[in-house]
C-alpha cells in the first residue's frame, strides 16, 4: 500500500508540500471529491464553491461532523448554504451535517470509482485546503493502492451519519466572531486589544487615508479576478477569498513620508494584530500589500466587514457595503512617540 507523507508546517524550509497544494493538484485531476471533516471555515467553502462553479464537471460531497454541536458563525453558515445550493442546483453533490453523533475525522477522497482513486487520511480540517490561511502543523498520508476500503467506509458509514443541509433549520451561534487573522501564521496577536496610540488618542505624525475602491477585480475584490488555469485540464482554480491589495494613488505614494522604494514595515492593526506590509510596483510603491501571504491584508479588512454583518462570503465589496460600514478608507498612521505604523479600519472612525 504506497503511502505519501503530507506534513504541513509554518517552517518555509520544510521539505514537504502543504496539504492545500496537494489537495488542489489532486482536485484538478479528478471529477469527484468526497470530503468528511469535523469543521469548516468560510474561506475554504467559498473557494470550493467557486471551483465547482467554474468547473461544471466536478462532483462534490461534503460531510461536516462536529460543527452542528458547537455552532456555525454567520459567515460559515452563509458560505455553507451557498455551496449547498450550487451543488443541488446543478445536481453535483450534497452537503451533509451530522446532527446525531460527533464525527471528528478528516478524510478526503479523490476520484472515487476511478482507476486513480486515492484518499488523504490526516489531521487537516477544511481550512487546510485554503490558500487564505497559512499552514499550522498538520500531518497525514495519501493512500493510493488499497484506498478502496476507506472509500467504502466513507460512503457506506460516514455519509449516512449526515442530514442534507437543506432539510435542517440551523441558527448561527451568537458568539463573538473571531478575526480570520487568528488563523494566519505570519500574523502575531499582540497583548493590546486596541493599540496604545489609538486608546490614548495620540496624534499621528503622518496620516495617510487610503481609499478602498469598489472595483470589480482589484482592491478587496481580487478574489473575483482571473483565477489560475491548469495547463493539463484547463480547469480554473479560484483566487483566495481574502487576497487583497490597495493602490493608494500618487497623491499619497509621492509623499516623502509615505514608505518608499519597496520598503517593508511592521503594522499594528486597530484590533491588536501585528504583521508585515510592503510597498511595490511602479515607482517602488504603487501597491500596498501584506508580506508573505497576500491574504493577510484582506483578512484584516474583509474580517471587519464580516464581523459587522455587512459582507457575506463570496460577495463583492461594494460602495453600498462601505457606506453602511461608515467609511471607505483605511488609515495608515505613523506615531513618533512609539515609532510604529498603525492601521485603523474601525467603522465610522475618521482620525481627524
Item to check | Residue-span extension gain [residue 202 to residue 217] - 0.36 nm each, minus C-alpha spacing | outcome: 1.8 nm
Checklist entry - Put a dot 7 Å past each Cα toward the Cβ at residue 308 and residue 11; how far apart are the dots in nm? => result 4.2 nm
Item to check | Efficiency of FRET from Cβ geometry, residue 193 and residue 156, R₀ 56 Å, rounded to 0.05 | outcome: 0.70
Checklist entry - When a footprinting reagent is the concern and you count Cβ atoms within 10 Å, what order do 277, 118 take, fewest first? => result 277, 118
Checklist outcome for this item: Quick shape check on region 94-161: root eigenvalues a ≥ b ≥ c of the Cα gyration tensor, a/c under 1.5 is rounded, otherwise prolate if a/b tops b/c, else oblate, and it reads oblate
Checklist entry - So what is the 222 nm mean residue ellipticity for the chain from helices alone, if each DSSP H run of at least 4 adds -39500 (n - 2.57) and you divide by all residues, rounding to the nearest 500 deg cm²/dmol? => result -6000 deg cm²/dmol
Checklist entry - Helix 295-307 versus the longest principal axis of the chain: what is the Cα-based angle in degrees, 0 to 90, to the nearest 10? => result 90 degrees
Checklist outcome for this item: Contact order relative to length for the chain, counting C-alpha pairs under 8 Å separated by 6 or more residues, stands in percent at 18 percent
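Output the antiparallel fraction of DSSP beta bridges having both residues in region 3-167, as a percent to the nearest 5.
Given both bridge residues lie in region 3-167, the antiparallel proportion sits at roughly 65 percent.
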Item to check | Relative contact order [Cα under 8 Å, 6+ residues apart], region 3-167, whole percent | outcome: 32 percent
Checklist entry - Which of rounded, prolate, oblate describes region 111-202, given a ≥ b ≥ c as roots of the alpha-carbon gyration tensor eigenvalues and a/c under 1.5 marking rounded, otherwise prolate only if a/b is larger than b/c? => result oblate
Checklist entry - How much FRET efficiency would the formula 1/(1 + (r/R0)^6) give for residue 102 and residue 233, where r is the Cβ-Cβ distance and R0 is 51 Å, rounded to 0.05? => result 0.85
Next on the checklist: Which residues does the label zone of residue 174 cover in region 53-82, counting backbone N under 17 Å from a point 7 Å along Cα→Cβ?
Outcome noted: 70-75
Checklist entry - What order do you get for 101, 267, 121 when you list them from fewest to most C-beta neighbours inside 10 Å? => result 101, 121, 267
Next on the checklist: How much length would be gained if the chain were fully extended between residue 148 and residue 185, taking 0.36 nm per residue of separation minus their Cα-Cα distance, in nm to one decimal?
Outcome noted: 9.8 nm
Checklist entry - What relative contact order, as a whole-number percentage, does region 202-352 give when Cα pairs under 8 Å and 6 or more residues apart are counted? => result 27 percent
Checklist entry - Assuming R0 = 56 Å, what is the FRET efficiency of residue 167 and residue 336, from their Cβ-Cβ distance, to the nearest 0.05? => result 0.40
Checklist outcome for this item: From fewest to most C-beta neighbours within 10 Å, the residues 247, 343 line up as 247, 343
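Just to be sure I understand: of the beta bridges DSSP finds with both ends in the chain, what percent are antiparallel, rounded to 5? Don't skip to the end; give the middle numbers.
Numbers: 46 of 60 bridges.
Of those bridges, close to 75 percent are antiparallel.
Taking a ≥ b ≥ c as the square roots of the Cα gyration tensor eigenvalues, with a/c under 1.5 meaning rounded and otherwise prolate when a/b beats b/c, else oblate, which class fits the chain?
It comes out prolate by the Cα gyration axes.
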Checklist outcome for this item: Computed on Cα atoms, Rg of region 180-344 relative to 2.2 N^0.38 Å comes out at 1.06
Checklist entry - Taking 0.36 nm per residue of separation and subtracting the Cα-Cα distance, what length does fully extending residue 136 through residue 250 add? => result 37.2 nm
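Every number here is computed from the coordinates shown, using simple stated rules; none is lab data. These figures come from a predicted structure and were not determined experimentally. FYI the Cβ positions are ideal-geometry reconstructions off the backbone, even for glycines, and counts take in every protein chain you see.
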